[in-house]
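Contents: one structure, followed by commentary.
The values are calculated or read from the model by the stated rules, or taken from the named source; none is laboratory data. Only a predicted model underlies this, so the values are computations on that prediction, with no experimental measurement involved. For neighbour counting, all protein chains shown are included, and Cβ atoms are generated from backbone atoms with ideal geometry for every residue, glycine included.
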């Protein structure tokens, strides 16, 4: 059986009747979490909503104003998952999410065209493809594709688009000899009825169940983005077609405008301007590192030169990194003090380091970590890691002082 959406991919609304409605469940991902919702599997006499197949995702849409959340195919039936119960015999008005449908039509039809020309001209056989949300890719049975070959393939597919060639479906008997001559990945095990063939005039015929444009001109254009190494010595060709090309170009133009303001130059000078800033940044980072080392030495010397040193040394700097923390600890020496050092936003997150006699650090380090709501590790006699509540530094210092007070009392 062929559904209404396969007979006329441009049909956006359709009236039919409910044949059956049975309780069911659907697994979905909501805000990154998997969950299962209860609903109904609704089968109609026919449907304008495409069930996933042929590498093409299913449609979205409504029936009598109620959302259809998933559409799958079982043999010659399309199963619509909904949360509403529709009684058998109920007349329903189906409406397609046209934006999603037409995007799928353009990407799927573009895949047929790219596959056909790549196979004919270069012998690159398509082994699979993926219709992604932002860009699609075709897996081709070739270990590598040169850049000049990719450019020429793009020229060829867009030349075919400019010829405005018809792209039409037709149906043949499952036992027809014609099926031996056309491109095919085989029929599903539960296939029933005639076999649908989608043909691009003068280019190819392909066994396919998906929705397609009626004329290559409706693809507008195809942009081949890249050819990247795939699995098992194959190459993935990434592409955009139709409205996705315009959307991508629109985003690129907006980015270009922002870079114009930031770099204060035109697109032709972007790379040079960024290279210049990278060199400047490299020099600045080197200078900052030297200054931090000097500050680390000065802070350590100031502490060590005190006539009566506090056995607990605490230091916080907003600007610094883990290297700065270790430099201070190295300069002071782990046997000369029990240290709690930190860098970052004093009211938010940053890094911390607890250093001193190893037996003490191993015991108080986890307590400091807990107080700072951090995550650290005891390694090489030091306890260090990331903290999310540096505003609790006073409480962490109190833990160190209480510990040293106990030690002093014990010694007395």
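Just a few scattered comments:
- Filter result for residue 196 (closer than 23 Å to residue 72 by Cα and outside any loop (DSSP other than H, G, I, E, B)): yes
- Per-region count, region 39-72, residues assigned to a strand (DSSP E or B), out of contact with any helix residue (DSSP H, G or I) (no Cβ under 9 Å at 6 or more places or on another chain) and free of Cβ contacts under 8 Å to residues at least 60 places away in the same chain: 14
- Only one of 61, 55 that is crowded, with 16+ Cβ neighbours inside 10 Å, modelled with pLDDT under 95 and within 25 Å of the chain's Cα centre (by Cα): 55
- Of the residues making up region 157-171, those that are without any contact (Cβ under 8 Å) to a residue 60 or more places away in the chain and surrounded by fewer than 16 Cβ atoms within 10 Å (Cβ to Cβ) are 159, 162, 163, 164, 166, 168, 170.
- Filtered residues of region 93-103 (kept if touching a strand residue (DSSP E or B) at 6+ places or on another chain (Cβ under 7 Å) and either in a loop (DSSP other than H, G, I, E, B) or surrounded by 20 or more Cβ atoms within 10 Å (Cβ to Cβ) (or both)): 94, 96, 97
- Here 248, 238 are screened, and the one residue that is in contact with a strand residue (DSSP E or B) (Cβ under 6 Å, 6 or more places away or on another chain) and assigned to a helix (DSSP H, G or I) is 248.
- Residue in region 75-92 that is more than 19 Å from residue 26 (Cβ to Cβ), out of contact with any strand residue (DSSP E or B) (no Cβ under 8 Å at 6 or more places or on another chain) and either crowded, with 21+ Cβ neighbours inside 10 Å or outside the structural domain of residue 191 (by TED's automatic domain parsing) (or both) present: yes
- Within region 193-218, being crowded, with 18+ Cβ neighbours inside 10 Å, farther than 20 Å from residue 160 by Cα and more than 32 Å from the chain's Cα centre (by Cα) holds for 195, 196.
- Residue identified as surrounded by 15 or more Cβ atoms within 10 Å (Cβ to Cβ), more than 35 Å from the chain's Cα centre (by Cα) and assigned by TED's automatic domain parsing to the domain that holds residue 386 among 298, 291, 338: 338
- Test result for residue 363, in the same structural domain as residue 337 (by TED's automatic domain parsing), surrounded by 15 or more Cβ atoms within 10 Å (Cβ to Cβ), in contact (Cβ under 8 Å) with a residue 12 or more places away in the chain and in a helix (DSSP H, G or I): no
- Screening residue 14 against (1) farther than 20 Å from residue 193 by Cα; (2) outside any strand (DSSP E or B); (3) in contact with a helix residue (DSSP H, G or I) (Cβ under 9 Å, 6 or more places away or on another chain) leaves a single unmet condition, (2).
- Search result, residues across region 108-131 that are in contact with a helix residue (DSSP H, G or I) (Cβ under 7 Å, 6 or more places away or on another chain), part of a helix (DSSP H, G or I) and buried (at least 17 other Cβ atoms within 10 Å of the Cβ): 109, 110, 113, 114, 117, 118
Yes/no matrix, rows are residues, columns are (1) closer than 23 Å to residue 252 by Cβ; (2) in a strand (DSSP E or B):
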{"position": "133", "(1), (2)": "yes, no"}
{"position": "137", "(1), (2)": "yes, yes"}
{"position": "143", "(1), (2)": "no, no"}
{"position": "149", "(1), (2)": "no, no"}
{"position": "158", "(1), (2)": "yes, no"}
{"position": "164", "(1), (2)": "no, no"}
{"position": "170", "(1), (2)": "no, yes"}
{"position": "174", "(1), (2)": "no, no"}
